[in-house]
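The values are calculated or read from the model by the stated rules, or taken from the named source; none is laboratory data. As the structure is a prediction and not an experimental result, all values here were calculated from the model. Every residue, glycine as well, gets a Cβ built from its backbone with ideal geometry; the counts of neighbours run over all protein chains shown.
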Amino acid sequence: MAITTSIAKTDLLKEQIFKAARLLQTGKNIVFPTETVYGLGADITHLSAVDRIFQIKERPTNHPLIVHFADLGQISHWAENIPSQAKKLIEYFWPGPLTIILPKSRHVPYCVTGGQDTVGLRIPDHPVAIALLKALGPQKAVVAPSANRFGCLSPTAALHISKEISAEVSMILDGGPCKIGLESTIISFCDLKPVLLRPGGIPLNAIEEILNQNIIVSVNHSNNLRASGTLASHYAPRTPLEVWPTETLQHRVDELLNQRYRVAILSWSEAFYSQHQTTEKIIKSLKHHRMPSDPFDYGYHLYAKLHHLDDEGYDRLLVEMPPSLPDWLAVHDRLQRASHHFAIR
């Protein structure tokens with residue numbers, strides 16, 4: 001019985017993937033899974049569907065989209081003048097959570113690149129995404145940002161897709177929880193030298209090890225190149241979020257509780273969590289959540305936890321500042337942008 005049920009689920013998923021591919025081929029928009037977050041997709045050859053992505057997300061049209069494709073042999077169809085260093089990263093990390101920005105080919109429309117002569121490319125490491133891209137056909141690609149309103153919290157499971165987005169797409173292809181949980185790392189090769197524009201699913205030190213060189217970090221538009229997910233305010237939950245160092249977090253908790261705020265805390269250190277286990281049983285307006293002390297586990301759980309807390313109706317989310325270590329760079333980046341209006345102290 002278990003084997004029969006498994007086969008039935010597999011067949012159903014295949015049907016859903018082919019249905020999603022047909023919808024894309026006819027110019028429809030769908031939501032699909034990747035290993036990082038869920039994407040809001042359109043067939044790159046249907047410009048009206050690409051335009052609708054910006055409308056659905058309420059996204060500025062000069063903010064570029066990432067091109068997802070399945071066959072490494074097609075990269076020259078989408079990009080030109082690919083440096084040898086970029087090829088090293090592609091061979092080592094694709095499929096995977098790495099987006100590489102290169103000079104675009106004539107096959108990439110300017111509406112995808114935000115009017116720039118560069119394009120962000122990646123091959124996702126998700127079986128459903130790969131099957132979808134292959135079903136779409138040769139020399140085809142899906143352009144997609146994350147499947148949320150612009151600047152808001154990215155979805156890492158189908159249940160995180162908002163009603164506003166769901167109502168605007170033809171299908172949500174459910175591929176289960178995303179195994180990375182943070183967006184892809186973005187590396188630009190447009191000035192020949194590699195530049196990190198967004199930390200993400202591939203740690204910076206892993207990229208530096210493959211290239212055998214230090215990478216320039218430019219996550220605040222200092223090089224004037226626009227890339228997906230790099231605005232100062234981004235990845236934000238609906239509930240105002242603040243990030244505080246361990247030594248001042250308790251003072252901020254007390255301030256908000258005295259103002260009768262309902263407060264949720266996300267902390268990673270054992271000492272801070274232990275001191276609150278008793279307190280939250282007494283104070284009903286306070287809830288404390290323990291986050292992993294490993295940066296990759298923390299990143300995997302972060303968006304899912306913030307989606308859950310958003311639905312709980314707290315007045316404020318307080319986050320204990322993570323360690324200032326290289327492996328935490330992506331988590332720091334997301335928390336900094338999510339708390340932009342309450343800047344990290």
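At-a-glance table
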read-out	value
Residue check, THR99 surrounded by 15 or more Cβ atoms within 10 Å (Cβ to Cβ) and in contact with a Pro (Cβ under 9 Å, 6 or more places away or on another chain)	no
Residue pairs meeting the criteria (Cβ under 9 Å; at least 6 apart or on separate chains; first within 16 Å of GLY181 (Cα to Cα), in the stretch 323-338; second among the basic types (Lys, Arg) and at pLDDT 95 or above)	ALA330/ARG198; ASP333/ARG198
The stretch 161-175 residues that are more than 14 Å from LYS28 (Cβ to Cβ), paired with ones that are in a helix (DSSP H, G or I) and among the aliphatic types (A, V, I, L, M) (beta carbon under 6 Å, 6 or more apart)	ASP174/ALA158; GLY175/VAL128
Members of the stretch 178-217 found to be surrounded by fewer than 18 Cβ atoms within 10 Å (Cβ to Cβ), part of a loop (DSSP other than H, G, I, E, B) and touching a residue at least 60 places away in the same chain (Cβ under 8 Å), listed by number	LYS179, LEU192
Residues located in the stretch 299-339, provided they are over 29 Å from ARG260 (Cα atoms) and touching a Cys at 6+ places or on another chain (Cβ under 9 Å)	TYR300
Out of VAL67, VAL108, VAL119, VAL112, sole residue that is of a type outside the set (Lys, Arg), within 25 Å of PHE150 (Cβ to Cβ), free of Cβ contacts under 8 Å to residues at least 60 places away in the same chain and surrounded by 19 or more Cβ atoms within 10 Å (Cβ to Cβ)	VAL119
Single match in ALA157, ALA147 (criterion: within 14 Å of the chain's Cα centre (by Cα) and closer than 17 Å to VAL50 by Cβ)	ALA147
Boolean, TYR92 is more than 21 Å from LYS193 (Cβ to Cβ) and at pLDDT 95 or above	no
Considering residues of the stretch 283-317 that are of a type in the set (A, V, I, L, M, F, W, C) and assigned to a helix (DSSP H, G or I) only, the residue farthest from the chain's Cα centre (by Cα)	LEU309
Candidate set from the stretch 258-295 (those that are under 22 Å from ALA338 (Cβ atoms) and hydrophobic (A, V, I, L, M, F, W, C)); member that is modelled with the lowest pLDDT	PHE272
Subset of the stretch 120-177 [touching a strand residue (DSSP E or B) at 6+ places or on another chain (Cβ under 8 Å), within 11 Å of PHE32 (Cα to Cα) and in a helix (DSSP H, G or I)]	VAL128, ALA129, LEU132, LEU133, ALA158
Failed item in (1) within 16 Å of ALA135 (Cβ to Cβ); (2) out of contact with any Phe, Trp or Tyr (no Cβ under 7 Å at 6 or more places or on another chain), with ILE53 passing the rest	(1)
